[in-house]
Amino acid sequence: DAGITQSPRHKVTETGTPVTLRCHQTENHRYMYWYRQDPGHGLRLIHYSYGVKDTDKGEVSDGYSVSRSKTEDFLLTLESATSSQTSVYFCAISESGGLAYNEQFFGPGTRLTVL
Amino acid sequence: QKEVEQDPGPLSVPEGAIVSLNCTYSNSAFQYFMWYRQYSRKGPELLMYTYSSGNKEDGRFTAQVDKSSKYISLFIRDSQPSDSATYLCAMSTGNTPLVFGKGTRLSVIA
C-alpha cells in the first residue's frame with residue numbers, strides 16, 4: 001500500500017463520542033487526503049492537505065476536522081460521531097505537481113461503525 | 001447531475017470475455033483521467049491513467065478518452081477471475097482533487 005498505514009483498522013463507537021483516525025505515510029508525499037466510501041455514493045473527499053498545517057475542505061466536510069502537524073501524519077477527527085458517519089474511511093497520498101499530483105495512492109482503510 | 005457518472009453494475013461476464021467499462025463527465029476542464037481497481041475490503045489501486053485524449057494500452061488493459069463526447073472507457077481483454085473487482089474512474093483538471101465515479105462491480109466467472 002505504497003507506505004501508507006491507517007489506524008485503527010476497525011472501530012466501533014457510540015453516538016456523540018469524538019473519534020480520531022490516523023494516517024501515516026513513509027513516502028514524503030506533499031498531498032494527503034481523507035475519503036469516505038459508502039454504497040451508492042462511491043468515494044467522496046472529506047478534507048485534504050497540501051502541506052504541513054495547510055488543509056482544505058472537500059465535498060463532505062461537515063462534522064469532520066483535520067490536522068497535519070508533520071509531513072507524515074494526517075489526522076481526521078469526528079467531533080461528535082453520528083450514525084450517518086458509519087463508513088469506510090480511506091487515506092490517500094500524492095506527490096506535488098502536474099500528473100504526479102493526480103496519482104493518488106490509497107491506504108488499507110478504516111471501518112468505522114457508530115452505534 | 002454529478003460531475004462524473006458511472007454505471008454501478010454489477011457486471012458479470014464469462015472468463016475470456018472482453019469487458020467494457022465506461023464513465024461520462026460534464027466538466028470540460030478535466031484533463032487527467034484515471035482508472036482505479038479495488039478488490040473487496042482493500043483500498044483502491046491505480047490501474048491506468050491518461051492525460052488529455054487518446055488511447056493507452058497496458059497488457060490486457062486499454063484506456064480510451066474521448067473529450068469531444070466527454071466519455072472515457074476501460075477495456076479488459078481475455079478477462080480472468082482475478083479481474084473481479086470494483087473499477088472506479090477518476091478525473092481532475094490538474095488543479096483540483098480527483099473526482100471519482102461510483103465504481104462498477106465486475107465479476108468474471110470461470
Across the stretch A:43-56, which residue is modelled with the lowest pLDDT among those that are assigned to a strand (DSSP E or B) and open to solvent by 20 Å² or more (accessible area, probe 1.4 Å)? A:50
Picking from B:66, B:83, B:58, B:78, the residue that is over 15 Å from the mean Cα position of the chain (by Cα) and of a type in the set (Asp, Glu) would be B:78
Candidate set: the stretch A:26-37, residues that are more than 9 Å from every other protein chain (Cβ to nearest Cβ) and either in a strand (DSSP E or B) or open to solvent by less than 10 Å² (accessible area, probe 1.4 Å) (or both); chosen: the one nearest to residue A:95 (Cα to Cα): A:32
Conditions (1) free of Cβ contacts under 8 Å to residues at least 40 places away in the same chain; (2) within 14 Å of chain A (Cβ to nearest Cβ); (3) open to solvent by 60 Å² or more (accessible area, probe 1.4 Å); (4) assigned to a strand (DSSP E or B) -> residue B:5 fails only (1)
Can you say whether residue B:99 is touching an Asp or Glu at 6+ places or on another chain (Cβ under 9 Å), of a type in the set (A, V, I, L, M, F, W, C) and facing chain A (nearest Cβ under 10 Å), as far as the supplied structure shows? yes
Yes or no: residue A:78 in contact with a helix residue (DSSP H, G or I) (Cβ under 6 Å, 6 or more places away or on another chain) and at negative phi? yes
From B:19, B:108, residue being more than 11 Å from chain A (Cβ to nearest Cβ) and either of a type in the set (Asp, Glu) or more than 14 Å from the chain's Cα centre (by Cα) (or both): B:108
State all residues of the stretch B:73-96 that are more than 14 Å from chain A (Cβ to nearest Cβ) and either crowded, with 21+ Cβ neighbours inside 10 Å or of a type outside the set (Asp, Glu) (or both); if no residue qualifies, say none. B:73, B:74, B:75, B:76, B:77, B:79, B:80, B:81, B:82, B:84
If the Cβ limit is 7 Å and pairs must be 6+ apart or interchain, which residue in the stretch B:38-58 that is closer than 15 Å to residue B:68 by Cα and facing chain A (nearest Cβ under 10 Å) pairs with which residue that is open to solvent by less than 90 Å² (accessible area, probe 1.4 Å) and among the hydroxyl-bearing types (Ser, Thr, Tyr)? B:51/B:32
Conditions (1) within 14 Å of chain B (Cβ to nearest Cβ); (2) over 16 Å from residue B:44 (Cα atoms); (3) of a type in the set (D, E, K, R); (4) in a strand (DSSP E or B): number failed by residue A:59: (4)
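Taking the options A:95, A:59, A:72, A:27, name whichever one is modelled with pLDDT of 95 or more and over 24 Å from residue B:40 (Cα atoms).
Sole residue among the options that is modelled with pLDDT of 95 or more and over 24 Å from residue B:40 (Cα atoms): A:72.
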Which condition does residue A:40 not pass, out of (1) more than 9 Å from chain B (Cβ to nearest Cβ); (2) open to solvent by 40 Å² or more (accessible area, probe 1.4 Å); (3) out of contact with any Leu (no Cβ under 8 Å at 6 or more places or on another chain), if it passes all the others? (1)
Of the conditions (1) open to solvent by 50 Å² or more (accessible area, probe 1.4 Å); (2) touching a residue at least 60 places away in the same chain (Cβ under 8 Å); (3) not β-branched (Val, Ile, Thr), residue B:29 clears all except one; give me its number. (1)
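Output the number of residues of the stretch B:1-15 satisfying the condition of being touching a strand residue (DSSP E or B) at 6+ places or on another chain (Cβ under 9 Å) and farther than 14 Å from residue B:89 by Cα.
Here the count works out to 6.
The values are calculated or read from the model by the stated rules, or taken from the named source; none is laboratory data. What you see is a predicted model; the values in this text were computed from it and never measured. In this analysis, Cβ positions are derived from the backbone assuming ideal geometry, glycine residues included, and neighbour counts consider all displayed protein chains. The area values use the complete protein model at the heavy-atom level, side chains included, leaving out ligands, DNA and RNA. Shrake-Rupley method; radii C 1.70, N 1.55, O 1.52, S 1.80 Å.
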